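Reviewing the structure listed below.
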Ligand SMILES: [Zn+2]
């Protein structure tokens, strides 16, 4: 596993769910972005839902099925 692994959505979702305050959900496309992001990297929306409940819910959705992309940069 020394070279770059493919994105693991379940692992990413678990990481987000463990620290929902570090993330927020784009109101435009439901992507999860880092809490410091000013604009959504996917749709360039500036409207976000930063409530932990929403972030955790969205992380669970992302982890359970192939859906909206999560940007690797924001999860690093
Ligand atoms: Zn978006």
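Starting with the highest mean, order 41-52, 10-21 by the number of other Cβ atoms within 10 Å, averaged over the residues of each peptide. Walk me through the numbers before you get to the answer.
On the way: 41-52: 13.9, 10-21: 15.4.
Top to bottom by mean Cβ count within 10 Å: 10-21, 41-52.
Could you rank the peptides 22-32, 54-64 by their average count of other C-beta atoms within 10 Å per residue, with the highest value first? The partial results should precede the final answer.
Details: 22-32: 20.8, 54-64: 18.5.
Descending packing order for the listed peptides: 22-32, 54-64.
Starting from the Cα coordinates of region 9-71, work out the convex hull volume and express it per residue in Å³. Write down the numbers at each step before the final one.
Numbers: hull volume 4.0 nm³, N = 63.
Here the figure is 63 Å³ per residue.
Throughout, read-outs are computed from the coordinates displayed, never taken from laboratory work. Here the structure is a predicted model, which means the values were calculated and not measured. As a convention, Cβ positions derive from the backbone with ideal geometry for all residues, glycine included, and neighbour counts pool all protein chains shown.
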